[in-house]
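Take a look at the structure below.
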Amino acid sequence: MIDPRFVYLAMLLSLVGVAGYIRDTLRGSTAPNRVTWGLWALEGVLAFAVEVTQHVGLAAGMTLMLGLGPVLVVLASFRGHHGVWRLSTFDIVCGILSLAGIAFWALVHEPTVALISFVVADQVAALPTVRKSWLAPQTETWWAFAMGSLNTGITLLTLHQFTTVGALFPGVIMVTDAILVLLIVTRVGPRLRANRPQTVAVS
């Protein structure tokens, strides 16, 4: 465990990552998926409220940033027509399923089951951006997610003890952000599609 005050460094890294993402969104080089970022905003704020009631401590400040950052990204996406990714049926279905998971989390009275459903909802919300990073990695800002993976990792290290409430949400986000960085940096999706053998139609 490291000094809990390192969470302030994690919050700073989160702010730097979000600022860069917003900058690229305003420039038109990054096109955020509003389904993912809108749900991330909602879930981050809700998770922060839960952690406060569970007395998680300073680490809850990082979770608050996980909610406020996406709010700013969504607002930036309305700045111009080039600042948003066109939504598909897949994105909408993921959004509905994620909202259903949040609703289940709000209604169920078993804390562990509720937390798991919340984390699942968060990961379903991430799927549209994971898919977009596979299809069009050039429309994303990789180092924003690198900062996200780094700051959630620091947050985990500040915990006095690894409880499900304190560790599960930032831990899953750390892994998801690392996957996004890998997809964007390597551009593995376009590479694999480019190397796929072309079928020739025979008339």
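The values are calculated or read from the model by the stated rules, or taken from the named source; none is laboratory data. Everything numeric in this text was worked out from a predicted model, so none of it was measured. Virtual Cβ from ideal backbone geometry, glycine too; neighbours counted across all protein chains shown.
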Based on what the data block shows, is Gly17 more than 18 Å from Gly171 (Cα to Cα), out of contact with any Cys (no Cβ under 8 Å at 6 or more places or on another chain), in contact (Cβ under 8 Å) with a residue 24 or more places away in the chain and small (Gly, Ala, Ser)? no
What residue, among those in segment 81-105 that are of a type in the set (Gly, Ala, Ser) and more than 17 Å from the chain's Cα centre (by Cα), is modelled with the highest pLDDT? Ala100
With a cut-off of at least 3 residues that are out of contact with any Cys (no Cβ under 9 Å at 6 or more places or on another chain) and over 25 Å from Asn33 (Cβ atoms), name the helices (runs of 4 or more DSSP H) lying wholly within segment 102-202. 111-135, 142-158, 164-186
Select, from Val108, Val119, Val165, Val124, the only residue that is among the β-branched types (Val, Ile, Thr) and either at pLDDT 90 or above or in contact with a strand residue (DSSP E or B) (Cβ under 6 Å, 6 or more places away or on another chain) (or both). Val124
